[in-house]
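Asker: Here it is, the structure in full.
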Amino acid sequence: MSVRAMKAGAVEFLPKPFRHQDLLDAIQVALERDRTRRQRETEIAALWERFESLTPCEREVLPLVVSGLPNKQIAAEIGTSETTVKVHRSQLIRKMGADSLPELVRMAEKIGIPVAKA
């Protein structure tokens, strides 16, 4: 029964008779897990909103940037100039709200942007 309860999402299984403190502790753990889940969902929703603000060209450049390719190689890959790639890179970093390339990579991972194969 306890295995079924845990698989169904139970935080704790309290056999009778249980101590009131055990129940309160289980409730506290469940509330903390829910708070963490909601924060993660809110963060991901905000990242998707930022991603949606990118132009199609910026969306094309994003997986290439987060894969670590240099601007010159990205330009050759998508058939544009290196200067254009630099503009797209700076715009997508700004629009995504990233302070650095590593932060942009973490953001892309969180929303499941696939890394381009070099």
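Asker: Would you tally the residues in segment 30-65 being out of contact with any Phe, Trp or Tyr (no Cβ under 9 Å at 6 or more places or on another chain), under 13 Å from HIS88 (Cβ atoms) and touching a residue at least 40 places away in the same chain (Cβ under 8 Å)?
Answerer: So the count comes out to 3.
Asker: Output the residue which, of all residues in segment 91-114 that are in a loop (DSSP other than H, G, I, E, B) and of a type in the set (Gly, Ala, Ser), is surrounded by the most Cβ atoms within 10 Å (Cβ to Cβ).
Answerer: Selected residue: ALA98.
Asker: Counting only residues that are of a type in the set (Gly, Ala, Ser) and modelled with pLDDT under 95, which one in segment 24-47 is nearest to the chain's Cα centre (by Cα)?
Answerer: Filtering first and then ranking leaves ALA30.
Asker: While we're on this one: Is there any pair linking a residue in segment 2-18 that is among the aliphatic types (A, V, I, L, M) and surrounded by 10 or more Cβ atoms within 10 Å (Cβ to Cβ) to one that is at pLDDT 80 or above and part of a loop (DSSP other than H, G, I, E, B), with Cβ under 8 Å and at least six apart or on different chains, and which?
Answerer: ALA5/PHE13; MET6/PHE13
Asker: Right, next: Tell me yes or no: at least one residue of segment 30-44 is more than 25 Å from GLY97 (Cα to Cα), of a type outside the set (Gly, Ala, Ser) and surrounded by fewer than 11 Cβ atoms within 10 Å (Cβ to Cβ).
Answerer: no
Asker: Scan segment 59-90 for residues that are within 24 Å of GLU49 (Cβ to Cβ), among the polar types (S, T, N, Q) and crowded, with 16+ Cβ neighbours inside 10 Å and jot them down.
Answerer: Result: SER67, single match.
Asker: I would also like to ask the following. Any chance segment 84-91 includes a residue that's modelled with pLDDT of 95 or more, out of contact with any Leu (no Cβ under 7 Å at 6 or more places or on another chain) and among the hydrophobic types (A, V, I, L, M, F, W, C)?
Answerer: Looking through segment 84-91, at least one residue is modelled with pLDDT of 95 or more, out of contact with any Leu (no Cβ under 7 Å at 6 or more places or on another chain) and among the hydrophobic types (A, V, I, L, M, F, W, C).
Asker: Further question: For a quick check of your reading of the model, give me the residue pairs whose first member lies in segment 97-116 and is β-branched (Val, Ile, Thr), whose second is part of a loop (DSSP other than H, G, I, E, B), with beta-carbon atoms closer than 8 Å and at least 6 apart or on different chains.
Answerer: The qualifying pairs are VAL115/SER67.
Asker: What number goes with the only condition from (1) surrounded by 13 or more Cβ atoms within 10 Å (Cβ to Cβ); (2) at pLDDT below 95; (3) closer than 19 Å to GLY112 by Cβ that ARG50 does not pass?
Answerer: Going through (1) surrounded by 13 or more Cβ atoms within 10 Å (Cβ to Cβ); (2) at pLDDT below 95; (3) closer than 19 Å to GLY112 by Cβ one by one, ARG50 breaks only (2).
Asker: Here's another thing I want to ask about it. How many residues, within segment 25-61, are β-branched (Val, Ile, Thr) and under 24 Å from THR83 (Cβ atoms)?
Answerer: Going through segment 25-61 one residue at a time, the tally reaches 2.
The values are calculated or read from the model by the stated rules, or taken from the named source; none is laboratory data. All figures in this text were calculated on a predicted structure; none of them were measured in a lab. Quick reminder, even Gly has a Cβ in these numbers, built from the backbone with ideal geometry, and neighbours come from all protein chains shown.
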